[in-house]
1. Let me spell it out: the conditions are (1) open to solvent by 10 Å² or more (accessible area, probe 1.4 Å); (2) among the aliphatic types (A, V, I, L, M); (3) at pLDDT below 95, and Ile4 meets all of them except one. Which number is the exception?
2. What number of residues within region 85-126 satisfy the criterion of being among the polar types (S, T, N, Q) and open to solvent by 40 Å² or more (accessible area, probe 1.4 Å)?
3. What number of residues within region 154-203 are in contact with a Pro (Cβ under 9 Å, 6 or more places away or on another chain), part of a helix (DSSP H, G or I) and open to solvent by less than 30 Å² (accessible area, probe 1.4 Å)?
4. When the residues of region 41-84 are filtered to those that are among the aromatic types (Phe, Trp, Tyr) and part of a strand (DSSP E or B), which remaining residue is surrounded by the most Cβ atoms within 10 Å (Cβ to Cβ)?
5. For Arg108, only one of the following conditions fails: (1) touching a Phe, Trp or Tyr at 6+ places or on another chain (Cβ under 7 Å); (2) under 20 Å from Arg78 (Cα atoms); (3) at pLDDT below 95; (4) among the basic types (Lys, Arg). What is its number?
6. How about region 98-114: which of its residues are of a type in the set (Val, Ile, Thr) and in contact with a helix residue (DSSP H, G or I) (Cβ under 7 Å, 6 or more places away or on another chain)?
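The values are calculated or read from the model by the stated rules, or taken from the named source; none is laboratory data. This is a predicted model, so every value here is computed, not measured. All Cβ positions, glycine included, derive from the backbone under ideal geometry; neighbour counts span all protein chains shown. The area values use the complete protein model at the heavy-atom level, side chains included, leaving out ligands, DNA and RNA. Shrake-Rupley method; radii C 1.70, N 1.55, O 1.52, S 1.80 Å.
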Amino acid sequence: MVEICSENLSSIIPRDELSVTDRMEMFELLATHFEGVTPAQFEKDLSEKNWVILLRRDSRLVGFSTLLAYETTFEAERVSVICSGDTIVSPEAWGSTALPRAWIACVRRLRQTYPRGKYYWLLLTSGFRTYRFLPVFWREFYPRFNASTPTNAKRFLDALAKERYGSQYNSCNGIVRFTQPQRLRDLLSVIPNSRISNPHVAFFTRRNPGYARGDELVCLTELCDENLTAAGRRMIEEEWTFPALHSTR
């Protein structure tokens, strides 16, 4: 386990090292904020991931994110991919930078284990808060409001999404519609008036009008330091002295 200290405590843990208590707390937190979550569905999604980031405050779990790190081939070239799974942060921790700091630190360390080809983040999101992680920390990503998705990037995004989600992915609108969707509970799915005018949020709602039903917009960005925004670079300014992450492949 790797621990990163902030106003909260973030832990990066191989999935196989999660305790029974960790799993119970993760499920309870997810079910508190999402409708349609079942223990079986939660365990299935978790079994398909190999890393977990836990965010605690006073020993209480207030957030987590699951990740699948893997290699694949696109048009005869090897690429390395981070695919996000279940992710939730309790409203009490929304002002914390601990989770994005831990997430970025984690994927940068995992690059040592998955060094071949370019390195990408495949993100599914049914919530505007998660989508806004992209413009806050990454310079170029797709889809976005102020640039068309290049043809080659669209082909790549489609290939990754079809590989992971099969017929549940619609390449025409870039949406994954799960047969058993998880839906943010009412208060969390409502977009505050102060956010509606944000161009990224407005774009997200146009591209994913079914977000409240659990529809997931598929997004893609390259994971490299050169693609970080100023805010993203601040996330890596502090160098933590923790051991290298070991492969869970």
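1. Unmet for Ile4, out of (1) open to solvent by 10 Å² or more (accessible area, probe 1.4 Å); (2) among the aliphatic types (A, V, I, L, M); (3) at pLDDT below 95: (1).
2. Just the residues of region 85-126 that are among the polar types (S, T, N, Q), to begin with: 87, 90, 96-97, 112-113, 125-126.
Subset that is open to solvent by 40 Å² or more (accessible area, probe 1.4 Å): 87, 97, 112.
Of the residues in region 85-126, 3 are among the polar types (S, T, N, Q) and open to solvent by 40 Å² or more (accessible area, probe 1.4 Å).
3. Count: 3.
4. Applying the first criterion (among the aromatic types (Phe, Trp, Tyr)) to region 41-84 yields 42, 51, 64, 70, 74.
Imposing the further condition that a residue be part of a strand (DSSP E or B) reduces the set to 51, 64, 70, 74.
Details: Trp51: 21, Phe64: 26, Tyr70: 16, Phe74: 17.
The residue in question is Phe64.
5. Just one mismatch for Arg108, condition (1).
6. Step one: of region 98-114, the residues of a type in the set (Val, Ile, Thr) are 104, 107, 113.
If the condition is that a residue be of a type in the set (Val, Ile, Thr) and in contact with a helix residue (DSSP H, G or I) (Cβ under 7 Å, 6 or more places away or on another chain), then Ile104 is the only one that fits.
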